[in-house]
Amino acid sequence: MAEKMDIEERKLSNGEAHLDAPLANGTSGPDKGNRGPLSQRVKRIVMANLLVILTVAGVIVGVFIGLGVRNATLTRTQVIYVGFPGELLIRLLKMIIIPLVVCSLVSGSASIDPKALGKLGGWAMLFFLVTTLIASSIGVVMAFILTPGSGTLSKPKVQGLGDDVPVAKEVIDSFLDLIRNLFPSNLVAAAFQSYATSYKLVTKNGTDGNLTVAVEKVPFGTDQDGMNILGLVVFAIVFGVALRKLGEEGELLIKFFNSFNEATMVLVSWIMWYAPIGIMFLVAGKIVEMEDVGNLFASLGKYIACCVIGHAIHGLLVLPGIYFVITRKNPYTFLWGIFTALATAFGTSSSSATLPLMMKCVEENNGVSKHISRFILPIGATVNMDGAALFQCVAAVFIAQLNNTSLNFIQVFTILVTATASSVGAAGIPAGGVLTLAIILEAVGLPTNDISLILAVDWLVDRTCTVINVEGDAFGAGLLQHFVDRGSKQEEESAVELSEVRLDGLPAAAPERSPLIEKRYRDGAGSAQASADGDV
């Protein structure tokens, strides 16, 4: 009985309990015994993967709806109405981001030993850093091979561009803003605002007696709209560690956050069934919104191809290759398990909005334990931006080629390092990577006005960026689960070997003797003998 309980606990801790438990869509796990006729097997496979099939169908139907409705001349108001069901999906996902991130990180960091917590966090940050550097390198190499910005006599002209080009900031101020946002001054305000540096020009007269006027650009802080997810993540981790230090006094609050987290995941499981409908209308609405697609692709087609091919290489070859080399498991089976989350990432183009579905997928389909997924995935959604780093490197080289600026080795190295570092502070929202692109252009002395060209096609490139971002987070959680399983297995083997060594070194134990038992045995034997004599 004790061995059975131990096996069940080990299954639960390793995330394997889902193999015996019902799946999210209400069906039972795979039957390893009697498979039945072909029709039942097909039905079982369809029911087990029903959500994935519905999501794929939603994307395909959304494309056809968008192309069909596009032929009808719709007003702006009617286009907004077409995308309304998709807008509901984004609002539902954003609604539960804050409770999910805060509660999952508090409960996760409180349930893990601080030493193990530091080790897990170190491995995760190493993986995120290495994959982001690889993605940045792929972006630079692809841009130099395909040369998307050369071969044109003049810069491509794209109609309908707004004046929403982000204001250029000094590189040092951008990184100082990143550090400031790690420590929010107001947790409530951090839920919807973040710190950003702006500039004002201050004139002052010269003090040397001459009539000279100096103009100085002085930075000052402002609050901009957008969740400060980085500050919330840091606070939640530190708060969870503090609760663990309290011991018994903190257990009640830890249970509260655990219950809050589980209730939030129930809401996520309900929202998952609305995701195919929402994604269908998101895709359809975006296709209807597009204006003059032919001119757009003719002008920036090579740039789009460069980004999409780079993302495909990183997402289909590099990340699965790293996972296979370390775990020796099929990475494409792992990808199939998170397909619903990847399709949601493509539809919403927001890694933060995809976080709830990604947690559900890796826990139920890929055997990642709750302790790992709910600790690592919120961090990954904040600091791991492989797709954004790749696109930023392509965009920087593309703008340099447009301006006939040759980049030397130092400038290329600066692009790689700055893209990797600035992707940490990139907001997990649509077009979040474009805001940090200005930092890279400033670092290598390229004009930031050409970002308007990047904005023209960002609606498409940003979707593939988001898919790669969340895929990297999921593979990071899978690798950490592998490390934890391997460590626990090694500990069990060493414990067994140690017990065997101890048993081999000890002499054979003599049977225990108790005077009381011996006396009781002798009395019983004597009374039995007396009764036997009486019978005779």
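Each value in this text was obtained by applying a stated rule to the coordinates, not by laboratory testing. None of these values were measured; they are calculated from a predicted model. Positions of Cβ are backbone-derived with ideal geometry, glycine not excepted, and every protein chain shown enters the neighbour counts.
Worth a mention:
- P(r), alpha carbons of the range 207-282 - 5 Å bins starting at zero, rounded %: 3, 10, 9, 11, 12, 11, 9, 8, 6, 5, 4, 3, 4, 4, 2
- With the convex hull constructed from alpha-carbon coordinates only, the range 170-321 shows a mean projected area of 19.0 nm² over all directions.
- Neighbours of A388, meaning other residues whose beta-carbon lies under 15 angstrom from its beta-carbon, give a summed charge of -4 when Lys and Arg score +1 and Asp and Glu score -1.
- For Y199, the residues whose modelled amide H falls within less than 5 Å of its own, excluding neighbours fewer than 5 places apart on the same chain, are F220.
- Taking 25 Å as the limit for the C-alpha separation, the pairs K43/K360; K43/K370; K370/K489; K329/K360; K255/K370 exceed it in the case of K43/K370.
- Whole-Hz couplings from phi, Karplus 6.51/-1.76/1.60, listed for the range 185-200; x for Gly and Pro: 6, 9, 5, 5, 5, 5, 6, 9, 9, 9, 7, 8, 8, 10, 10, 9
- Computed Rg/Rh of the range 349-407, alpha carbon atoms with Kirkwood Rh: 1.25
- Applied to the range 337-350, the Karplus parametrisation 6.51 cos²θ - 1.76 cosθ + 1.60 on θ = phi - 60° returns per-residue 3J(HN,Hα) values of x, 10, 5, 4, 5, 5, 5, 5, 4, 5, x, 8, 6, 9 Hz, with x for Gly and Pro.
- Table column - 3J(HN,Hα) (Hz), the range 314-323, Karplus curve with 6.51, -1.76, 1.60, x for Gly and Pro: 5, x, 9, 10, 6, 4, x, x, 4, 5
- Distance from the alpha carbon centroid of the range 459-478 to that of the range 357-412 works out to 7 angstrom.
- Relative packing of peptides 336-343, 246-253, 234-241, 181-188 - highest average C-beta neighbours within 10 Å first: 336-343, 234-241, 181-188, 246-253
- Nonlocal amide H pairs with Q193, under 5 Å, H built at 1.01 Å: G226, N228
- Neighbourhood net charge (12 Å Cβ-Cβ; Lys/Arg +1, Asp/Glu -1) for L201: +2
- As a rough guide to protection, the peptides 392-398, 329-335 ranked by mean Cβ packing within 10 Å, highest first, stand as 392-398, 329-335.
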